[in-house]
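K.L.:
The following block contains the structure, expressed as structure tokens.
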Amino acid sequence: MIASILPTYSRAPLTFVSGEGSWLTEQDGRRFLDLGAGIAVNALGHANPALVEALTTQAQAVWHLSNLYNIPAQQKLADALVDATFADTVFFTNSGTEACELAVKMARKYWYDKGQPDRGEIITFTGSFHGRSAAGIAAAGSEKMTKGFGPLLPGFTHLEFGDMAALAAAVTDQTAAVLIEPVQGEGGIRPVPDADLKAMRDLCDTHGALLIFDEVQCGMGRTGKLFAHEWAGVTPDIMMVAKGIGGGFPLGAVLATENAASGMTAGTHGSTYGGNPLACAVGAKVMEIIADDAFLAEVNRKAGLLRQKLEGLVAAHPDVFEAVRGAGLMLGLKCKAVNTDIVAAGYAQGVLTVPAADNVIRLLPPLTITDADIAAAVDKIDAAAAQLQGANA
């Protein structure tokens, strides 16, 4: 008999009833250090007082209006994003998946309006993850994502991650766009080298193609800058954002230049809930906090501390871990043991991590994690590794 919740997840045997900062409390009273943050969503921790206040203040005024009317909180957040980024305009969604759908539509509509309706090819890369919608799985192209869901949306060309020679050969005057995550999340915490991002920008400029960055997981301060592409000193034409931007409240966005968004006129796209007052009130407060230079400097300092401790952990358990990779507080432990076994061993020690491809466990703690919690988290992972080694001895 099927469960009342569609069984598309293999859920851990944990039921959390409350949270504060970097900690979650299970219904039996056990406390867990959360190094997953809802998969990079709870960027400012659980029950952050500033976000609680922003949400409750808005909730006492108006919850929903629809985009038939002006929404002050939406305008405030859009202005903040435009002021802080390359973008000239923003469309708000409820998720990263919806942001992907619009990014694909925007790129193809751009060329349609330029008189090239057949210029629809979008180049993507192995190991990518762009959500689980029709466009998202077609963009990723992996068998794991697409098997059983054909026929797939056409118009995507998949290249090997990191193969810049293949990309140089693939981008032509008929390419609509190149779509990439500056740091792959689900793919195993794989950063794209700065030089490669610069080369992609140059290739797109040479051929007139649009460059789309998916910063759903790596954006909003996660790598120590507001958006990960800033480290490379390049800008996209279109960018997908979600997860951390809402601090735990469902919110996503597509940011674009005026040129890239030129085809998206009245009636070409819409969303009933996207940019609703509740989400944008929270998002505006998140943006106010994370975009601050002093806050980002602290993210970088804590990232250095965590990485240093993780390098020591790898050295202490060479049979369990292979290497540390990633950027900022978006780190991965490449494992020699089975990554899901390490995640499960972490449950017994009171620490939450997230598995990813390439036998990696992801460490995506709240950006507000304290030094003491970083030390405690690494101690717990150390104990989990020792437990696993003992079980396999």
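Every read-out reported here was derived from the displayed coordinates using simple, explicitly stated rules and does not represent laboratory data. Please read these numbers as outputs of a predicted model, since none were measured by experiment. Glycine also receives a Cβ, built like all others from the backbone with ideal geometry; neighbour counts cover every protein chain displayed.
K.L.:
Per residue and in Å³, how big is the convex hull formed by the alpha-carbon atoms of segment 130-169?
P.N.:
74 Å³
K.L.:
For segment 243-393, what mean projected area does the convex hull of the alpha carbons give, in nm²?
P.N.:
Orientation-averaged projected area of the Cα hull: 11.7 nm².
K.L.:
Continuing with this model, one more query. Quick check: the angle from helix 96-113's long axis to the longest principal axis of the chain, C-alpha only, nearest 10 degrees?
P.N.:
On a 0 to 90 degree scale, this one is about 20.
K.L.:
With everything on Cα atoms, drop me the angle between helix 277-290 and the longest principal axis of the chain, reported from 0 to 90° to the nearest 10.
P.N.:
Rounded to the nearest ten degrees, it is 70.
K.L.:
Which value, to two decimals, describes the C-alpha radius of gyration of segment 226-296 once divided by 2.2 N^0.38 Å?
P.N.:
Cα Rg divided by the expected 2.2 N^0.38 Å: 1.25.
K.L.:
Now, a different point. When Met287, Met1 are ordered from fewest to most other Cβ atoms inside 10 Å of their Cβ, what list results?
P.N.:
Fewest to most other Cβ atoms nearby, the residues stand as Met1, Met287.
K.L.:
How far is helix 371-392 tilted off the main Cα axis of the chain, in degrees rounded to 10, range 0 to 90?
P.N.:
70 degrees
K.L.:
Can you compute the FRET efficiency between Phe295 and Glu322 using 1/(1 + (r/R0)^6), with r the Cβ-Cβ distance and R0 = 30 Å? Round to the nearest 0.05.
P.N.:
It comes to 0.40.
K.L.:
Using the count of nearby Cβ atoms within 10 Å as a rough guide to exposure, how do Met164, Met145, Met220 rank from fewest to most?
P.N.:
Final ranking by Cβ density, sparse to dense: Met164, Met145, Met220.
K.L.:
For Cα Rg over 2.2 N^0.38 Å, several values are listed as (1) 0.98; (2) 1.04; (3) 1.10; flag the one computed from this structure.
P.N.:
(1)
K.L.:
State whether segment 293-360 is rounded, prolate or oblate according to the following rule on the C-alpha gyration tensor (a ≥ b ≥ c being the square roots of its eigenvalues): a/c under 1.5 gives rounded; otherwise a/b larger than b/c gives prolate, and the remaining case gives oblate.
P.N.:
prolate
K.L.:
Measuring from label point to label point, each 7 Å out along Cα→Cβ, what is the Asn67 to Thr340 span in nm?
P.N.:
Here the answer is 3.8 nm between the modelled labels.
K.L.:
Please state, to two decimals, what the Cα-based radius of gyration of segment 70-290 comes to when divided by 2.2 N^0.38 Å (N = residues).
P.N.:
It is 0.95.
K.L.:
Highest mean first, how do 306-319, 202-215, 53-66 rank when packing is the count of other Cβ atoms within 10 Å averaged over residues?
P.N.:
Most protected by this proxy first, the peptides run 202-215, 306-319, 53-66.
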